[in-house]
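Q: Have a look at this one before I ask anything.
The values are calculated or read from the model by the stated rules, or taken from the named source; none is laboratory data. Fair warning: this is a prediction, and the values are worked out from it, not measured in the lab. Please note: Cβ atoms are built from the backbone with ideal geometry, for glycine as well, and neighbour counts cover all protein chains shown. Ligands, DNA and RNA are excluded from the accessible area calculation, which covers all protein heavy atoms including side chains. Shrake-Rupley method; radii C 1.70, N 1.55, O 1.52, S 1.80 Å.
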Amino acid sequence: HPYFKPGLGIAGGNLERDLVTVQSLADRHGTEAGIVEAWQRNSRHRRDWAIRHIQRAFPGENDQTVLAVWGFAYKADTHSTKNSSSVQLMRAFRGHRIHAHDPVAQLDAAEFPHVKIFSSPLAAAEGADALLLMTPWSSYAGLSVKKLRKLLRGPIIIDPHAVLDEAQCRDLGFEYHRLGK
């Protein structure tokens, strides 16, 4: 697998920090850094891709809407949530109830009182109006889409990284969205 692959913008801390440093140096020395600004704008646009999908599906605040969010970490196989698109999404939907799961990463409960943490991804999905797979953990790929159909109240799956089988999701009546399609 390549080190870089399409995703929900720049996450983690290192590259983002380096781009901010390059921009700062360019500003200080009167040099053009438009390409760096473009990368940062594009990163923010991609990071908010899932947010835009959910805002269209559930406009306005509604504490009756339940969003199931799988994954808080900015990428699989880490506990870090620094610049995580999932964390940004949970901040954006403070007016909704969120049921969440991550096999490793933790959230600050004081910052996210509207988020209920579950010990399993399927438990987090039960009764939800939409499922958002924000971190492509391999453990999520093996879960039964048929079970999800029985557990989810709503038909929406936001799967930016194509963790689940798209054809199977569509065959079961899900409104399936993945990044780049």
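Q: Treating only the Cβ atoms of Lys and Arg (+1) and Asp and Glu (-1) as charged, compute the dipole magnitude of the range 119-181 about its Cα centre; round to the nearest 20 debye. The partial results should precede the final answer.
A: Working: 8 positive and 7 negative charges, 24 e Å.
Roughly 120 debye for the range 119-181.
Q: Quick check for you: with a 1.4 Å probe and neighbouring chains kept, what is the accessible area per residue of the range 53-181, in Å²?
A: Values: 6150 Å² over 129 residues.
Dividing the accessible area of the range 53-181 by its residue count gives 48 Å².
Q: Now for a separate question. With a 1.4 Å probe and all protein chains in place, put Ile158, Ile117 in order of accessible area, largest first. Could you put the intermediate results ahead of the total?
A: Values: Ile158 0, Ile117 95 Å².
These residues rank, largest area first, as Ile117, Ile158.
Q: Report the residue, chosen from Arg41, Arg94, Arg56, that carries the largest GNM mean-square fluctuation when the chain is represented by alpha-carbon nodes joined by springs under 10 Å.
A: Arg56
Q: Still on this model: Provide the gained length on full extension for the span Gln64 to Lys147, in nm with one decimal, where the gain is 0.36 nm per separating residue minus the Cα-Cα distance. Display every interim value, and only then the final one.
A: Numbers: separation 83, 0.36 × 83 = 29.88 nm, distance 2.27 nm.
Full extension of this stretch gives 27.6 nm more.
Q: Additional query: Considering only protein heavy atoms and a 1.4 Å probe, what is the carbon-and-sulfur percentage of the accessible area of the range 67-134? Mind showing how you got there, number by number?
A: Working: 1300 of 2740 Å².
Roughly 47 percent of what the probe reaches on the range 67-134 is carbon or sulfur.
Q: Still on this structure, I have one more. Counting Lys and Arg as +1 and Asp and Glu as -1, what is the net charge of the other residues whose Cβ lies under 13 Å from the Cβ of Val104? Can you show the working numbers first?
A: Numbers: positive: Lys75; negative: Asp77, Asp102.
Surrounding charge for Val104 is -1.
Q: Anyone know which of Val66, Val145, Val20 comes out most mobile in the 10 Å Cα GNM of the chain?
A: Sorting by GNM fluctuation, first place goes to Val20.
Q: Given DSSP loops and a limit of at most 14 other Cβ atoms within 10 Å, what is the longest stretch of the chain that contains no such GluC sites (Glu not before Pro)?
A: Values: sites that count: Glu32, Glu61, Glu111.
After excluding every exposed loop site, the longest remaining stretch is 112-181.
Q: Can you tally the net charge around Leu133? Count Lys and Arg as +1, Asp and Glu as -1, for every other residue whose Cβ sits under 10 Å from the Cβ of Leu133.
A: Around Leu133, the charge tally is 0.
Q: Pull out a ≥ b ≥ c, the square roots of the eigenvalues of the alpha-carbon gyration tensor of the range 127-181, then state rounded if a/c is under 1.5, prolate if not and a/b is larger than b/c, and oblate in the remaining case. Walk me through the numbers on the way to the answer.
A: Numbers: a/c = 1.41, a/b = 1.24, b/c = 1.14.
In terms of gyration-tensor shape, rounded.
Q: Let me ask something additional. Along the charge dipole of the chain, Cβ charges K/R +1 and D/E -1, which of Ala50, Leu164, Ile35 sits furthest on the positive end?
A: The Cα lying farthest towards the positive end belongs to Leu164.
Q: Moving on. Using the Cα centre of the chain as the reference point, and only Cβ charges (+1 on K/R, -1 on D/E), how large is the resulting charge dipole? Debye, rounded to the nearest 20.
A: Its charge dipole is roughly 300 debye.
Q: Please report the base-10 log of the normalised intensity I(q)/I(0) for the range 77-181, using a Debye sum with one equal scatterer per alpha carbon and no solvent, at each q in 0.09, 0.18 (1/Å).
A: Log-scaled intensity ratios, in q order: -0.21, -0.89.
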